[in-house]
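Single-structure report; data block below.
The numbers here are math on the coordinates, done by the rules we state, and not lab data. Just so you know, these numbers come straight off a predicted model, no measurement behind them. Cβ placement follows ideal geometry from the backbone for every residue including glycine, while neighbour counts extend to all protein chains displayed.
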Amino acid sequence: MGGPKTLNDVEGFLTQLFSDKDLIPLPFQSLLAPWISKRRVPKIQDQYAKIGGGSPIHHWTERQGILLEQVLDQIRPESAPHKSYIAFRYVKPLTEHAVTAMKADGVKRAIALTLYPQYSCSTTGSSLNELVRNLKDQDPEQSIKWSVIDRYPTQPLLVETFAKHIEEALEREYPASERDSVPLVFSAHSLPMSVVNRGDTYPAEVGATVHAVMTRLGNRNPYRLVWQSQVGPSPWLGPKTEDVIKGYGKQGFKNLLVVPIAFVSDHIETLFELDLEYGHVAKEAGITGYKRVESLNDDPLFIKCLADVVKSHLDSGASSTKQLPLRCPSCISEKCGETKKFFADQKLE
Ligand SMILES: C=CC1=C(C)c2cc3[nH]c(cc4nc(cc5[nH]c(cc1n2)c(C)c5CCC(=O)O)C(CCC(=O)O)=C4C)c(C)c3C=C
Ligand SMILES: [Fe+2]
Ligand SMILES: [Fe+2]
């Protein structure tokens, strides 16, 4: 997805985001997108100002890419050297810039690796549709052969990294006598109910990650799966993170550990919404022990997770587009079936 590096980049970021038909299909989109974005700029700029003046997502994604190259070169020397390219959806470097750089470097074989562990047509689906559009335009001779890693919600090292971060936070933030009773509040970016009702697999895959992490932790703590960042008046998947925090406060809970479970790095959803906005909500609700688990960012265990995902993909023949939806109503405007066919038709050596 990417995020604005500076406050001046907020409007461009929002305009690209509201122009994405796979994320938010709007009537008269090319007219409405800049209009809605302009109206949201002051509010969103204020949020980015409060987290240091911009999104750190570029910094973390770059780190993840560089470290992934190093680990892959070690654990899979037969395909070394590996090189990573960032393809953000709404800010530079866009997919277009990644493909340009790859062609200039003479790349012949590539993997589209999503940094959303759980698949949604609105996120990974949108990025893959954008990639196919760009490839048809920028690489019509198909000089680069592609395969796709579109999800890894229960990959063992992903689960292990989340579990380790939760254990570290419990140990660091709470006295031993209270640790097992701290509610773990797993918070993921919500989806509009219209997208959920069309069968988007994201809610089930987020649930699968939560279940795997709780199993790994021995199911000691009470837990909830809750949903954040709802935008606009239409119905979104709940319960809302904010309401659940208030509910715990009403019940007299003094401790609460929130776990961002669908993001692999820090950005506005963790640093502003979870830390500042809901930190305030928790305080008002009397929850003095409100804490957040650290994001995955450049944790070597998470980098190893990514490297293992890529290694298994390559070792297994690497063709897999099996899981991509054939044609799903939530992204029908971009014909995800064509995207699946495009990748399935790649002739890999
Ligand atoms: C797993 C991650 C995400 C899913 C799923 C997702 C779905 C989704 N989002 C919107 C609308 C907006 N999202 C916005 C920002 C935003 N969204 C995500 C992640 C997911 N979105 C992130 C990480 C960010 C912030 C980017 C950053 O800071 O780096 C926004 C813009 C903010 C605002 O105007 O309030 C909108 C709008 C929809 C409609 C949707 C599913 C269909
Ligand atoms: Fe789709
Ligand atoms: Fe979003």
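What base-10 log of the normalised intensity I(q)/I(0) is obtained for the chain from the Debye formula, alpha carbons as equal point scatterers, at q = 0.07, 0.08, 0.14 Å⁻¹?
Evaluating at q = 0.07, 0.08, 0.14 Å⁻¹ gives log10 I(q)/I(0) of -0.30, -0.39, -1.25.
Where does each of Asp9, Asp298, Asp46, Asp20 land when they are ranked from fewest to most other beta-carbon atoms within 10 angstrom? Don't skip to the end; give the middle numbers.
Working: Asp9 19, Asp298 15, Asp46 12, Asp20 22.
So the ranking, lowest neighbour count to highest, is Asp46, Asp298, Asp9, Asp20.
Would you work out which of Gln138, Leu158, Tyr174 lies farthest towards the positive end of the dipole of the stretch 130-175, given +1 charges on the beta-carbon of Lys and Arg and -1 on that of Asp and Glu, about the Cα centre?
Positive-end residue among those listed: Gln138.
Whole-Hz Karplus ³J(HN,Hα) for the stretch 187-195, in order, using 6.51 cos²θ - 1.76 cosθ + 1.60 and θ = phi - 60°, x for Gly and Pro?
Ordered by residue, 3J(HN,Hα) equals 10, 10, 4, 6, 10, x, 4, 4, 6 Hz.
So which residue, out of Leu296, Leu217, Leu274, gets the largest mean-square fluctuation from a GNM of the chain using Cα contacts under 10 Å as springs?
Leu217
Which of Thr209, Thr61, Thr288 ends up with the largest GNM mean-square fluctuation for the chain, with Cα atoms connected below 10 Å?
The residue with the greatest mean-square fluctuation here is Thr288.
In the chain, with Lys and Arg counted as +1 and Asp and Glu as -1 at Cβ, which of these residues, Met193, Ile149, Phe253, has the Cα nearest the positive end of the dipole, that is, farthest along it?
Met193
Tell me, how many Å apart are the Cα centres for the stretch 92-139 and for the stretch 18-63?
Centre-to-centre (Cα) distance: 20 Å.
Using modelled amide H (1.01 Å from N, peptide plane; none on Pro or chain starts), what sits under 5 Å from the amide H of Asp266, excluding residues fewer than 5 places away?
Long-range HN contacts for Asp266: Asn297.
Just Ala318, Ala80, Ala163 to compare: in a GNM of the chain, with alpha carbon springs under 10 Å, which one fluctuates most?
Between Ala318, Ala80, Ala163, it is Ala80 that shows the largest mean-square fluctuation.
For the chain, which DSSP H helices look membrane-span-like by this rule: Cα extent along the axis of 15 Å or more and mean Kyte-Doolittle of at least -0.5?
57-75, 156-173, 202-216, 300-315
Long-range amide H contacts for Lys145: which residues qualify at under 5 Å (H placed 1.01 Å from N, peptide plane, sequence gap of 5 or more or a different chain)?
Arg109, Ala110
Exposure proxy check: Glu173, Glu205, Glu178 ranked by fewest other beta carbons within 10 Å?
Details: Glu173 17, Glu205 21, Glu178 13.
Ranked by crowding around the Cβ, least crowded first: Glu178, Glu173, Glu205.
Just the Cα atoms of the stretch 214-349, one point each, no solvent: what log10 I(q)/I(0) does Debye give at q = 0.09, 0.15 Å⁻¹?
-0.45, -0.98
Please report, in debye to the nearest 20, how large the charge dipole of the chain is about its Cα centre when each Lys and Arg carries +1 at its beta carbon and each Asp and Glu carries -1 there. Don't skip to the end; give the middle numbers.
Numbers: 41 positive and 42 negative charges, 132 e Å.
The dipole of the chain has a size of about 640 debye.
How would His82, His267 line up from fewest to most surrounding beta-carbon atoms within 10 angstrom?
Details: His82 18, His267 24.
With the fewest neighbours first, His82, His267 line up as His82, His267.
How many percent of all Cα-Cα pairs in the stretch 108-148 sit more than 11 Å apart? Mind dumping the intermediate values first?
Numbers: 544 of 820 pairs.
Tail of the P(r) past 11 Å holds 66 percent of the pairs.
Tabulate in residue order the Karplus-calculated ³J(HN,Hα) for the stretch 141-146, using 6.51 cos²θ - 1.76 cosθ + 1.60 with θ = phi - 60°, rounded to whole Hz; enter x for Gly and Pro.
In residue order, the calculated couplings are 7, 6, 6, 9, 9, 10 Hz.
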